[in-house]
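Have a look at the structure below, then the notes.
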Amino acid sequence: MQERQQFTALSEQAWQGIAASGNRPADAVRFFSQRMVPRSFGDVLRAAMERQGMDERTLVGRLTDLRPGVKRDSLRRRLSAWLNGGGQPADREEAVQICFALGLSGEAADEFLRCGGEGGFHLREPREAAWRYCLSAGKSYGEAQALLTRLPNADGPFPADGEAPSVFTRTLLDQLAAVNSDEDFLRFYEENLSGFGRLHNTAYRYFSRFFEELTRPSAPCGAEEDEAYSVEKAVELYLRLNVPLSRGTKSFSDLQKAIKRLWPNATAVKNMLSRRADVSRKTLLLLYVATEGLDDGAVEEAMGWEPDSPDEIFEEHVWNINLMLHDCGFSPLDPRVPFDWLILYSLRPGDDEDASMSDRLSQVLSLLFGGGDGREVDEGGANPC
């Protein structure tokens, strides 16, 4: 209980740091670099172990049973590194194996994956749907793997990934809740086979809408009426935000590495647009900032009020973003995740009423990375005009 209270206090400190900076980039960087305590995968894992009443020795033993080909000492060292803030699971399957080893329910495992990574179970992906069902049913990891061998076309290819059908993870979750046996699950799988895929449809829907806005001729800088921005130009203007282009990160701090990790470039965005790659949570958040959430007043009209103070504007954007992330199956904004803290910082209006979210984010990133790749950053931030 004391450890949970400490986590809450640290999160509150991170939240307060956003307001305390007064939205001045230098103050934000000072807080971010000196006082923020980032949340690690080890923090999430330790909290889950505490809730399950499980010690390190027991967890190592269970992981050894799940992975007989891996030496116990190797798993013990890996677990110790995680709990001491070093690294995270190598891939999605390893994270799921930890859920089985901890004996988590389907719902608890979903929350664990959200907090420890980018998102919860993606139920349009056959493996993830089977894992979620087996955890909810109290089955072992071995039983889950055996069930997967009974699924036709479990490894794809999935036509739905290219067609982007209107089959969403939240819909499948409602159906999966009624599954009570392996035979029920097989029927559930076969009934939804045409809609299965590895890519997030809801995230793609948001992504497409945001990115289309950035390429329209009405975008800033006065493009000609018949001229649309290319992917390369839109990414450079609105998503780069003074983050270095170079792949080398040896000279970066841990915070800088966490921010730059998987930062989208033009190639990544093209792959997302063509559905050769899934839409990442980081890209979706950057697009929200770049488009100001496509604010058209619809939310204010539906709610019957319009925010006017910086705090109210900030709260509305946080609410909108977390609703979007929830729809997509991604984890909500967490002020102790470095990238999320910067997104939150950019949402709160400062003294300069004309500064956009992108301006604020670009300015603080320029300071964090020493001016990006060495080019001068104009006072307007992300907007080059």
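The values are calculated or read from the model by the stated rules, or taken from the named source; none is laboratory data. Just so it is clear, the model here is predicted, and its values are computed rather than measured. Cβ: placed from backbone, ideal geometry, glycine included. Neighbour counts: every protein chain shown.
Please give the number of the condition ALA90 fails out of (1) part of a helix (DSSP H, G or I); (2) surrounded by fewer than 24 Cβ atoms within 10 Å (Cβ to Cβ); (3) not polar (S, T, N, Q); (4) not assigned by TED's automatic domain parsing to the domain that holds GLU190.
Failed condition: (1).
Which of the helices (runs of 4 or more DSSP H) contained wholly in the range 275-385 include at least 2 residues that are at pLDDT below 75, charged (D, E, K, R) and over 20 Å from the mean Cα position of the chain (by Cα)? Please lay out each step first, then the result.
Working: elements: 281-290, 298-303, 310-328, 338-347, 357-368.
Where helices (runs of 4 or more DSSP H) fall fully within the range 275-385 and carry at least 2 residues being at pLDDT below 75, charged (D, E, K, R) and over 20 Å from the mean Cα position of the chain (by Cα), they are 298-303.
Exactly one of (1) aromatic (Phe, Trp, Tyr); (2) surrounded by fewer than 20 Cβ atoms within 10 Å (Cβ to Cβ); (3) modelled with pLDDT of 90 or more is unmet by TYR238. Its number?
(2) is the only condition that TYR238 fails.
I'd like the full set of residues that are within 16 Å of ARG92 (Cα to Cα) and of a type in the set (Phe, Trp, Tyr), limited to the range 106-149.
The answer is PHE112, PHE121, TRP131, TYR141.
Could you check LEU147 against (1) under 15 Å from ILE98 (Cα atoms); (2) surrounded by fewer than 24 Cβ atoms within 10 Å (Cβ to Cβ) and say which number it fails?
(1) is the only condition that LEU147 fails.
Kindly check whether there is at least one residue in the range 154-168 that is at pLDDT below 75 and β-branched (Val, Ile, Thr).
The first filter runs over the range 154-168 and keeps only residues at pLDDT below 75, leaving 156-168.
Among the residues that remain, those that are also β-branched (Val, Ile, Thr) are: 167.
Yes, there is a match, as at least one residue in the range 154-168 is at pLDDT below 75 and β-branched (Val, Ile, Thr).
Considering GLN97, GLN52, which residue is closer than 30 Å to ARG150 by Cα, in contact with a helix residue (DSSP H, G or I) (Cβ under 9 Å, 6 or more places away or on another chain) and among the polar types (S, T, N, Q)? Reasoning before the result, please.
Values: GLN52 fails: closer than 30 Å to ARG150 by Cα.
Exactly one of GLN97, GLN52 is closer than 30 Å to ARG150 by Cα, in contact with a helix residue (DSSP H, G or I) (Cβ under 9 Å, 6 or more places away or on another chain) and among the polar types (S, T, N, Q), namely GLN97.
For the range 46-89, name all the residues that are among the basic types (Lys, Arg) and closer than 17 Å to TYR141 by Cα. Before the answer, list the steps.
At the first step, the residues of the range 46-89 found to be among the basic types (Lys, Arg) are 46, 51, 57, 62, 67, 71-72, 76-78.
Scanning the range 46-89 gives ARG62, ARG67.
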